[in-house]
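**Student:** Before anything else, here's the structure in question.
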Amino acid sequence: MTVQPRRRSRAGLLAPFILVLIALALWSVWWVYLAGQVRERLEAQVQIANRGGWTVGYQKLDVGGWPFRVRVEASAPSVRAPSGHALSAPRLVAQAEAWNPDKWVIVAPDGLALTRAAKGVVDIKAPAIRASVHGLTQRWPNLAVELAQPTFVARPGAEAFPISAAKQIEFYLRPHLAPATEPGAATSVDLLFRLIEAQGRTGGPVRGMAQDGTLTAQIETVVEHADRLNGPDAAGVLSAWSRAGGRFTRVRGELQAGESKATLSSDALSARADGRLEGQLALQAVKPLPAIAGLARSGGGGVNRVGAAGAVAATAVTGGAGDVDLTLMFRDGRTWLGPFALAPAPKLF
């Protein structure tokens with residue numbers, strides 16, 4: 001009797017492919033759901049901002065990146081605050097890994113345009129303009145913004161920007177690192193700003209202060225009552241925060257303008273109703289005289305040449321060619337060095 005050979009089942013060969021197809025189908029369902037959620041939530045935030053008095057829009061919004069990423073590309077996006085300040089770009093691209101939608105990277109490959117209310121538009125170009133944000137499920141996400149080798153060019157008819165270029169600009173925001181028992185810790189955030197080797201515009205105060213060199217600054221602070229920065233409204237985000245008692249505490253920093261250097265500190269700085277800083281800033285300065293003299297010689301930027309010249313004379317008497325302790329006062333909308341008004345106080349909003 002002839003025994004027929006036993007035929008082997010092919011199910012074992014097909015099983016891995018079937019499992020892969022099932023996994024791919026399930027993953028595709030997740031990706032489609034995630035992409036839809038991203039589009040819906042983004043459009044909802046745009047509507048909320050527009051109802052709050054802001055003007056937010058774009059020409060076209062594309063969502064792609066299947067299978068492993070979620071990629072959002074907005075054509076001609078723009079954000080305009082009730083104050084008239086605005087930021088726009090030819091194109092913005094945001095991307096996250098589909099398995100980790102809590103972390104996003106955003107780039108502006110074609111640059112940005114900054115509108116400064118009555119001062120006009122400044123075009124910002126850089127080899128790299130990018131931001132990353134993660135921890136979206138936290139009360140305060142971690143945010144990092146970087147501009148590599150940016151240039152700033154005012155459009156015809158616009159007021160010149162204080163700086164024309166820089167090697168690097170960085171901005172970081174994170175939840176305040178402090179024991180939970182510290183008063184206000186849950187409603188505060190840490191902020192760090194770096195301006196590296198900035199070049200001032202010709203004849204401007206930055207170039208004068210840097211003695212035709214570069215300006216480097218690093219400022220860190222704790223932003224109290226950050227919970228009052230609770231979204232756009234007609235009053236303006238920073239204005240509402242300031243009215244609610246928001247202030248900058250534990251301000252620390254370093255400045256270098258040409259051959260002049262300084263470390264700075266302040267226990268607290270706040271803002272007036274018109275958005276200008278108020279408070280006291282202590283500086284431990286090294287060779288401050290060249291910077292103050294350069295500021296006095298510069299034009300524009302609201303610099304009070306008479307006041308700056310008086311500050312030069314007073315600083316020279318107190319040893320401004322060497323090391324000296326100085327105190328800047330922000331009051332009445334002006335920046336004061338002793339009895340001399342140097343320039344308008346920095347304006348937040």
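The values are calculated or read from the model by the stated rules, or taken from the named source; none is laboratory data. Nothing here was measured: the structure is a model prediction, and the numbers come from that model. No Cβ is skipped: glycine too gets one built from the backbone with ideal geometry, and neighbour counts run over all protein chains shown. The protein model used for the area step is the full one, side chains on, heavy atoms only, and it has no ligands, DNA or RNA in it. Shrake-Rupley method; radii C 1.70, N 1.55, O 1.52, S 1.80 Å.
**Student:** Label points 7 Å out from Cα along the Cβ direction at residue 48 and residue 250: separation in nm?
**Tutor:** 2.8
**Student:** Moving on. Note the full-extension length gain between residue 280 and residue 97 as 0.36 nm times their separation in residues minus their Cα-Cα distance, in nm to one decimal.
**Tutor:** Working: separation 183, 0.36 × 183 = 65.88 nm, distance 4.53 nm.
Net length gain for the segment: 61.4 nm.
**Student:** Please report how far the C-alpha centroid of the range 23-68 lies from that of the range 331-349, rounded to the nearest whole angstrom.
**Tutor:** Centre-to-centre (Cα) distance: 44 Å.
**Student:** If you don't mind, there's one more thing I want to ask. Give the lysines whose C-alpha is closer than 17 Å to that of residue 125, dropping any in the same chain fewer than 8 places away, or say none.
**Tutor:** In chain and number order, the partners are 167.
**Student:** Still on this structure, please answer the following. Sort the range 102-227 into rounded, prolate or oblate with this rule: let a ≥ b ≥ c be the square roots of the eigenvalues of the Cα gyration tensor; rounded if a/c is under 1.5, and if a/c is not under 1.5, prolate when a/b is larger than b/c, oblate otherwise. Walk me through the intermediate numbers first.
**Tutor:** Numbers: a/c = 2.28, a/b = 1.73, b/c = 1.32.
Prolate, because a/c is 1.5 or more and a/b exceeds b/c.
**Student:** Which shape class applies to the range 155-269: rounded if a/c is under 1.5, otherwise prolate when a/b exceeds b/c and oblate if not, where a ≥ b ≥ c are the square roots of the Cα gyration tensor eigenvalues? Intermediate values should be presented prior to the final figure.
**Tutor:** Numbers: a/c = 2.75, a/b = 1.61, b/c = 1.71.
Oblate shape, in that a/c is at least 1.5 and b/c is the bigger or equal ratio.
**Student:** Under a cut-off of 20 Å between alpha-carbon atoms, report the aspartates and glutamates in cross-link reach of residue 119, not counting same-chain residues fewer than 8 places apart.
**Tutor:** 159, 274
**Student:** Report the gain in length on full extension from residue 139 to residue 39: 0.36 nm times residue separation, minus Cα-Cα distance, nm rounded to one decimal. Provide the component values of the computation, followed by the final result.
**Tutor:** Details: separation 100, 0.36 × 100 = 36.00 nm, distance 2.18 nm.
Taking 0.36 nm per residue and subtracting the Cα distance, the gain is 33.8 nm.
**Student:** Say each of residue 155 and residue 71 gets a label point 7 Å from the Cα, pointing the same way as Cα to Cβ; how far apart are those two points in nm?
**Tutor:** Here the answer is 2.9 nm between the modelled labels.
**Student:** Still on this structure, please answer the following. Starting from the Cα of residue 327, move 7 Å in the Cα-to-Cβ direction to define the label point; list residues of the range 245-278 whose amide nitrogen is under 16 Å from there.
**Tutor:** Under cut-off, by backbone N: 264-269, 278.
**Student:** Got a sec? What order do 106, 18, 169 fall in by accessible area at 1.4 Å, biggest, i.e. largest, first? Numbers along the way, then the final one.
**Tutor:** Numbers: 106 60, 18 90, 169 25 Å².
The ordering from most to least exposed comes out as 18, 106, 169.
**Student:** In nm, to one decimal, how far is the residue 347 label point from the residue 212 one, both placed 7 Å along Cα→Cβ?
**Tutor:** In this crude label model, residue 347 to residue 212 measures out at 3.1 nm.
**Student:** Taking the full set of protein chains and a 1.4 angstrom probe, give the accessible area of residue 227 in square angstrom, rounded to the nearest 10.
**Tutor:** Using a 1.4 Å probe on the heavy atoms, I get roughly 50 Å².
**Student:** Could you state how much accessible area residue 259 has, in square angstrom rounded to the nearest 10, with a 1.4 Å probe and all protein chains kept in place?
**Tutor:** Taking all protein chains as shown, residue 259 has close to 100 Å².
**Student:** Ranked by accessible surface with a 1.4 Å probe, highest first, in what order do 274, 190, 332 come?
**Tutor:** Working: 274 60, 190 20, 332 105 Å².
Result, largest first: 332, 274, 190.
**Student:** How large is the accessible surface of residue 34 in square angstrom, using a 1.4 angstrom probe and rounding to the nearest 10?
**Tutor:** 20
**Student:** Could you state the accessible area per residue of the range 65-105 in Å², with a 1.4 Å probe and every protein chain left in place? All intermediate terms of the calculation are to be shown ahead of the outcome.
**Tutor:** Values: 2160 Å² over 41 residues.
That works out to 53 Å² for each residue.
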